[in-house]
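Comments concern the structure below.
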There are 2 protein chains.
Amino acid sequence: MFHKIKRILIGRPLRTNELHHQKLNNLKALAILSSDALSSVAYGPEQILIVLATVSMLAFWYLLPIAVGVLVLLVVLILSYRKIIFAYPGGGGAYMVAKENLGTNFGLIAGGSLLIDYILTVAVSVSAGTDAITSAFPPFHPFTVEIAVGLVAVITLLNLRGLTESATILAYPVYLFVFALAILIVGGLYQAVTGHVPANAHTAIGTPVIGINLFLILKAFSSGCSALTGVEAISNAIPNFKEPAPKNAAFTLSIMGLILGSLFSGVVFLAYWYGIAPSATETALSQLGSSIFGRNGFYYFIQAVTAMILVLAANTGFSAFPLLAFNLAKDKFMPRAFTIRGDRLAYSNGIITLGLSSILLIIAFEGHTENLIPLYAVGVFIPFSLSQTGMIVKWIRSKPEDWKSKLIVNLLGAFICYLILIIFFVTKFEHVWIALLFIPACIFIFQKIYHHYEDVGDQLRIDLSAKFDDMENTRNLVIVPVAGITKVVAQSLVYAKSLSEDVIAVYVGSSPEEIERMEKKWEKWQTGVRLVTIFSLYRSVTASLSEFIDTIKEKTNQSGTKVTVIMPQFITKKWWHSFLHNQTGFLILARLLKTKNVNITIVPYQLEK
Amino acid sequence: MFHKIKRILIGRPLRTNELHHQKLNNLKALAILSSDALSSVAYGPEQILIVLATVSMLAFWYLLPIAVGVLVLLVVLILSYRKIIFAYPGGGGAYMVAKENLGTNFGLIAGGSLLIDYILTVAVSVSAGTDAITSAFPPFHPFTVEIAVGLVAVITLLNLRGLTESATILAYPVYLFVFALAILIVGGLYQAVTGHVPANAHTAIGTPVIGINLFLILKAFSSGCSALTGVEAISNAIPNFKEPAPKNAAFTLSIMGLILGSLFSGVVFLAYWYGIAPSATETALSQLGSSIFGRNGFYYFIQAVTAMILVLAANTGFSAFPLLAFNLAKDKFMPRAFTIRGDRLAYSNGIITLGLSSILLIIAFEGHTENLIPLYAVGVFIPFSLSQTGMIVKWIRSKPEDWKSKLIVNLLGAFICYLILIIFFVTKFEHVWIALLFIPACIFIFQKIYHHYEDVGDQLRIDLSAKFDDMENTRNLVIVPVAGITKVVAQSLVYAKSLSEDVIAVYVGSSPEEIERMEKKWEKWQTGVRLVTIFSLYRSVTASLSEFIDTIKEKTNQSGTKVTVIMPQFITKKWWHSFLHNQTGFLILARLLKTKNVNITIVPYQLEK
C-alpha cells in the first residue's frame, strides 16, 4: 500500500550509474544556478521600501542611494567569489572553505548558518512566489498558506523523484523572467521618458525628510542586501561546468552579476519613479507591472514567470541542503542517514527534512515570511563572511603568485560582509537574535553527534591480526512463546528445533484452569518440546517472559548460553489486515531486545487470505 | 525516554488482581452513574430555546408544553429501562440486548451508534463544560478549543492511569451540582413568587405566535430530548451494585429519573419566567444564575460545578467506550488490540481512540459542538429503540410470568423512541444524515474484520490428533550481511556459527576496488565463514540481498532450507543516539521479511557509551 503510493509519487528505483554528471554549458549554467540570486529582485527592492515607509512616503527617494550601496556590495561580492572559484575548483562551499582555513568550529558555524539559510530560502522564495500569484489573483489571497504549502510539497516530491534529470526545463523560466523584467524596465522607462507618469508620483531626490536618520538608512540598506542572497550558488557548483570549469564559472558569475545588477537597478528606479508604496496584498513588482501595462496579458505573464522563478529559487535550496547535509554527515556531524541515496539517487532524508522544516515555517508564520527575510539575509552573510575570511587566511598562509592583489579583494569582501552583519545585528536585532541561539545550538549538536560516532567507532574497532574467537562452547537456548496451539506455533517449533537442541515453549496463563487446559492439550500434541507454563498476575506476556529469561540466564550464566526468542509475525494479504494483528506484541518484544539483551527472531507467517 | 515519560504520566504497572470490583452503594452509584444524564440539564433546555428563537422571542412560552413532552418521555424511558434491568442483571447494554434478541446485525447497528455516541458524549460534554467556564470568565472565550482539548487530554490521561480507583472523589461534583441547581431553582422560584422578576420578562402562555407550526414544535421537542442522553448508563452497570443488584439498580434509576425530571422542570420553568434568550457567548444556565444571584460567589459556584459535572459526563464515555470496544473486539468485530488491558488495567487502546477522536471533533467544530447535539441524540436514540425492540422480542419469545404488562411497557418505550427518531430525521435531517452513512459503514467494517479473523482462524487451526511433523531434514542457512569488519560483525558471526553449519557473510560494494579491499581484509581475519561479495549498481543492500536470497532459494529449493538473516541492532545508551544509527536498515530488512519470506534475527549490540 505505502509502497505502491511511493512508487507512483516517486517513480521506479534508479541504478547508481544512472547518476550522470551532465556538464553544463555557460548559458544553461547561468539559468540553472542563478534562479536564487535573480529571483531576489522580486522582493529585495520592496524590502527597502518597507523600511522607508515606516518614516514617510517622502523618504522613498532614499531608495536610489541605498540601491547604489547594494550595487557596490554586489560588485565586491562578485569579485571576491571569482577568487574563491579559482582557489576551489572542486566547489568552494562556505563549509569547506571555512573548515579548511579557519578550523572545524568555524566550518560548523558556516554549515549551521547555511542549513538554516536553505530552509529559509525555500520558505521565503515560495511565500514570495505565492504573493506573486495572489497579487495577480486577489481571490486566492486567503489561501496563501495552503498554496505555499502545496508548492513546497510538489517541489519536495519532484526532488525525491530526482529533479536534476530535467534540468533543461528548469532553465526556461529563468530566461523568461529576465526577458519579462527587461520588457518591464524598458516599457517603464519609455513611459517615464515620454512623460506618461504623473510628475508628482515621486518626491524629488534630496527632498528633506523629518525623522530619517543613519540608523534607518542602514536598516533599509541591510534590507536591500536580501537582493543578494544566492550569489554564492555558482561558486559551489564549479564541477558542473564544462572545461575549463573555473574559467567558465567565473565568467558565468560575472554575467549573472551584470544581469542581477541591471534588473535590480531598473526595478529600483521604476519603483521610485512610479512612487510604488508597499502593500500587504500586492507585491511592489505587481504594482509596477499593472501601473506600466495595466492588468493585461503581459502583466499576468510577468506575475507567472516571477512565481515560477521564485519556486525555482526554492528548488536551489533542495539541491544545496541535502548536499551540505551529506557533507556534514560524511564528516560525522550529522546523522548518517543523510548520506544515503534514496531509490531515485537523491538524498531523500535531506530533501524530506528540508521540505518539512520549510512547511512548518510557512505555517508558523502564516505565509508572511517577509518577517523571515532579515534572518534569511543573516543566514547568508555569515557564511559569506566566513568564506572571505577563510580566503584571507589561505592567501596569507600559502602565498601563491599574485597573492597580495587576491588578498586585497577578499579583505575588502570580508570587511564589507562583516560590516553588513554588524548593521544587521544593530538595526534588526529583533528579527535576527534567534541566530545567536540557533547557530551555537547547531554547533553543540554537531559536536555531540561527532563524539557519539567517534565513541562508537572506538568500541567497534577490531584488531585483524588477533585470532578470531569462535567461542566453540556457545550453547543456544531457543524460547518460543505460545498463546495456543496453531499452525503458527507448529511452524515456530519446527524452526526452533532446527536451530538448537534446547527449545522451550513458554505459555503465560492468567488462571490455573487456563494453564491446566493448555498443559493437557500440549501433552496430547507430542511435539517433543518442553512446555513451561507461567501463572501471571499481570496480563503482560513480556513481563513474565522477562522474568523467565532472567531465571534462565542466572542458571546458565557461566556456560555462555545465548538466548533467542522466536516471534511469529503475520504477513497479511491486505494492508489493512495488519492493523488487526497484535503489532503491539512486536513492539513489546522489541523492548525485551533492549532490556534483556536477547536475540529475537521474527518468523514470517504468510496468511493466504 | 518515552518509557520514562509514560511512567510519570500513567504510573506504575498494576497486577491483574489489583482489579477489584468494588461494589457501589445506591447513593454512590447514583452519583457515579448519573453524571451523564444529570449534566444534560446544562444544555437540554437551551437546545429547545435555540429552536424557538428562530421564530421569535414570543414563542418562548412553548418551552413549557415541550418540556412536559420531554418529561413524559423520561417517565416512559425509566419504566422500560427498569424492565431491562431485571431482564439483564448482568448488564444490558444495547449491543448485547439487540444482538441476543434481534440478531448480530441489529447488535452491530446498536454497537456502531453507541461508539459514535460515546465519542460525541465526550466532545459535547467537554465543550459544554468549557462553555460554562467561558460564560463565567469571558476573557477565556477565544481559547474555547484549547481549553476543551486540554480537558479531554487530562481526562484521557486520568483514564489511562485507571480512574476507577478514585471513584469516591468523582461522586462529590454530582452531589454538588444537584445541590447547586436545587438552590438555583429555589432561589429563582422565591424571587418569581415575591415578584422580583419584571412581569414583561416572559410572554404569557398561549400568546399567539406568527410562524410557529407543528414542524418547529417537533424540532424543538427533539432538541429537548438531548436532555435525556445518559439515562441508559445505570442499566449497563448493574454488576457494580450491591446485592440484590437489580433491585438496587432499578431503585437508583427511579431516583435518578426523579432528580433529572425535577432539575429539568425547574430550569425550564425559570428559563421561561426570566425570559432567557440563547446567546453565543453565555450559556442559558449562566444567564439564569446571574439573573437570580448576580455574579456573586454562588454564581461562580454553579458555573464551577456545572463545568465539573460535564467533565464527569465526558468521563462516563471513557468508561463505556473501551468496554463496548472490548465486547465488540471479543466478538471479533473490532481489532483484537481493543481487548488488551494496559499497564494500569485500563483498556488503553479504547481510551486513546476515544480521546483522539473527540479531540479531532472538537477541533473540527472549533468547540461549537452544539451542532453535534442532534447527532449525539440520534446516536443515543437508535440504541434506545433497538434495546426496547429487543425486549419486545424477548418477552414474546420467552413469555415469562407477567409478560404482557412488561411487553406493554417496552412497546410504549419502543413506540416513543421510534417516533422520536422519525422526528429527528424529519426535522433535523441536515444535522443527522451523516448517521445514515456512518452506521452502515461501521457495520461493513465490523463484518470485514470479523471475516478476516474467521479466515485467519481457519488457516491456523491444527488437528491435535495428527502427528507433529518435525521435518527432520530441515537445513538452516544463515546469512550475515556485513558492511565492514567490526566487533558487531564478529558477534554476529559467532552467533550465526552457533546456529548452523551453513553461514554466509554477504558484502555489497559499490566499486570493484571496495570489494577487493574487503576481500583481502576478510581473508586476513580468518573467521572460517565464506564471504560472498556483490557488486551493486544500486546503493541498496536490500535489493542485492534480495536477489542473492532468490538465487540461494532457487538452488536449495528441493532441500527445504530455511534462510535466516542476521541483523545487528545497536542498543544505544542515550535515547537520542538511536537516531544516529540506521533505523532505515531495520525497516528495509523488515521488507525482506515480508516479500522474501525469510526469518530475520535481531541481535542486540549494547553500546557502552
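The values are calculated or read from the model by the stated rules, or taken from the named source; none is laboratory data. What you see is a predicted model, and the numbers here were worked out from it, not measured in a lab. All Cβ positions, even for glycine, are placed from backbone atoms using ideal geometry, and neighbour counts span all protein chains on display.
Among the numbered conditions (1) in contact with a strand residue (DSSP E or B) (Cβ under 8 Å, 6 or more places away or on another chain); (2) crowded, with 21+ Cβ neighbours inside 10 Å, the only one that B:Asn410 does not meet is (1). Among the residues in segment A:426-436, are any surrounded by 15 or more Cβ atoms within 10 Å (Cβ to Cβ), within 30 Å of A:Phe535 (Cα to Cα) and among the hydroxyl-bearing types (Ser, Thr, Tyr)? No, segment A:426-436 has no match at all.
Table: residues versus (1) in contact (Cβ under 8 Å) with a residue 40 or more places away in the chain; (2) within 19 Å of the chain's Cα centre (by Cα); (3) more than 14 Å from every other protein chain (Cβ to nearest Cβ).
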position: A:Gln303; (1), (2), (3): yes, no, yes
position: A:Gly317; (1), (2), (3): yes, yes, yes
position: A:Lys332; (1), (2), (3): yes, yes, no
position: A:Ser357; (1), (2), (3): yes, yes, yes
position: A:Ile373; (1), (2), (3): yes, yes, yes
position: A:Arg397; (1), (2), (3): yes, no, yes
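Scanning for something of a type in the set (Phe, Trp, Tyr) and either under 14 Å from the mean Cα position of the chain (by Cα) or modelled with pLDDT of 90 or more (or both), does segment A:153-176 turn up at least one residue?
Going through segment A:153-176, the residues of a type in the set (Phe, Trp, Tyr) turn out to be A:172, A:175.
This time we only want the ones that are either under 14 Å from the mean Cα position of the chain (by Cα) or modelled with pLDDT of 90 or more (or both), so: A:175.
Yes - at least one qualifying residue is present in segment A:153-176.
Selection of segment A:504-538 for residues being exposed (fewer than 14 other Cβ atoms within 10 Å of the Cβ), polar (S, T, N, Q) and closer than 16 Å to A:Leu493 by Cα yields only A:Gln526.
Taking into account only those residues within segment B:314-373 that are of a type in the set (A, V, I, L, M) and not in a helix (DSSP H, G or I), which is surrounded by the most Cβ atoms within 10 Å (Cβ to Cβ)?
Step one: of segment B:314-373, the residues of a type in the set (A, V, I, L, M) are B:314, B:320, B:323-325, B:328-329, B:334, B:337, B:340, B:345-346, B:351-352, B:354, B:356, B:359-364, B:372-373.
Right, trim to not in a helix (DSSP H, G or I) and you get B:334, B:340, B:345-346.
Working: B:Met334: 27, B:Ile340: 17, B:Leu345: 20, B:Ala346: 24.
Only one residue fits best here, namely B:Met334.
Here segment B:478-496 is the region considered, the condition is being within 47 Å of the chain's Cα centre (by Cα) and among the hydroxyl-bearing types (Ser, Thr, Tyr), and the residue that is surrounded by the most Cβ atoms within 10 Å (Cβ to Cβ) is B:Ser492.
Inspect segment B:205-215 for any residue being farther than 19 Å from B:Tyr43 by Cβ and surrounded by 15 or more Cβ atoms within 10 Å (Cβ to Cβ) and give the result as yes or no.
The first filter runs over segment B:205-215 and keeps only residues farther than 19 Å from B:Tyr43 by Cβ, leaving B:205-215.
Applying the additional criterion that residues be surrounded by 15 or more Cβ atoms within 10 Å (Cβ to Cβ) yields B:209, B:212.
Yes; the residues of segment B:205-215 include at least one that is farther than 19 Å from B:Tyr43 by Cβ and surrounded by 15 or more Cβ atoms within 10 Å (Cβ to Cβ).
Of all residues in segment B:293-302, those satisfying the criterion of being part of a helix (DSSP H, G or I) and surrounded by fewer than 24 Cβ atoms within 10 Å (Cβ to Cβ) are B:Phe293, B:Gly297, B:Phe298, B:Tyr299, B:Tyr300, B:Phe301. Among the residues making up segment B:23-66, those that are surrounded by 24 or more Cβ atoms within 10 Å (Cβ to Cβ) and of a type in the set (Gly, Ala, Ser) are B:Ala29, B:Ala31, B:Ser34, B:Ser35, B:Ala37, B:Ser39, B:Ser40, B:Ala42, B:Gly44. For A:Ile169, indicate whether it is in a helix (DSSP H, G or I) and either basic (Lys, Arg) or surrounded by 21 or more Cβ atoms within 10 Å (Cβ to Cβ) (or both). Criteria not met by A:Ile169.
Quick grid of which residues meet (1) within 11 Å of chain A (Cβ to nearest Cβ); (2) farther than 30 Å from A:Lys520 by Cβ; (3) within 52 Å of the chain's Cα centre (by Cα):
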| site | (1), (2), (3) |
| --- | --- |
| B:Tyr453 | yes, no, yes |
| B:Tyr507 | no, yes, yes |
| B:Met518 | no, yes, no |
| B:Thr533 | no, yes, no |
| B:Thr542 | yes, yes, yes |
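Selection of segment B:68-127 for residues being of a type in the set (Ser, Thr, Tyr) and part of a helix (DSSP H, G or I) yields B:Ser80, B:Tyr81, B:Tyr95, B:Thr104, B:Ser113, B:Tyr118, B:Thr121, B:Ser125, B:Ser127. Of the residues B:Leu310, B:Leu260, the single one that is within 30 Å of B:Leu356 (Cβ to Cβ) and either part of a helix (DSSP H, G or I) or small (Gly, Ala, Ser) (or both) is B:Leu310. Could you give me the residue pairs with C-beta distances under 7 Å whose first residue belongs to segment B:439-461 and is loosely packed, with under 15 Cβ neighbours inside 10 Å, whose second residue is assigned to a helix (DSSP H, G or I) wherever it lies, and which are 6+ apart or on separate chains? Nothing qualifies. Only residues that are under 40 Å from the mean Cα position of the chain (by Cα), assigned to a helix (DSSP H, G or I) and at pLDDT below 80 were counted across segment B:189-242, and they come to 3. For B:Leu361, the conditions (1) in contact with an Asp or Glu (Cβ under 7 Å, 6 or more places away or on another chain); (2) over 30 Å from B:Ala192 (Cα atoms); (3) not basic (Lys, Arg) all hold with the exception of (1). Within segment A:92-130, being among the polar types (S, T, N, Q), in contact with a Gly (Cβ under 7 Å, 6 or more places away or on another chain) and surrounded by fewer than 24 Cβ atoms within 10 Å (Cβ to Cβ) holds for one residue alone: A:Asn101.
Please tell me if A:Lys553 is under 27 Å from A:Arg475 (Cβ atoms), more than 11 Å from every other protein chain (Cβ to nearest Cβ) and modelled with pLDDT of 75 or more.
Working: under 27 Å from A:Arg475 (Cβ atoms): yes; more than 11 Å from every other protein chain (Cβ to nearest Cβ): yes; modelled with pLDDT of 75 or more: yes.
Yes: the conditions hold for A:Lys553.
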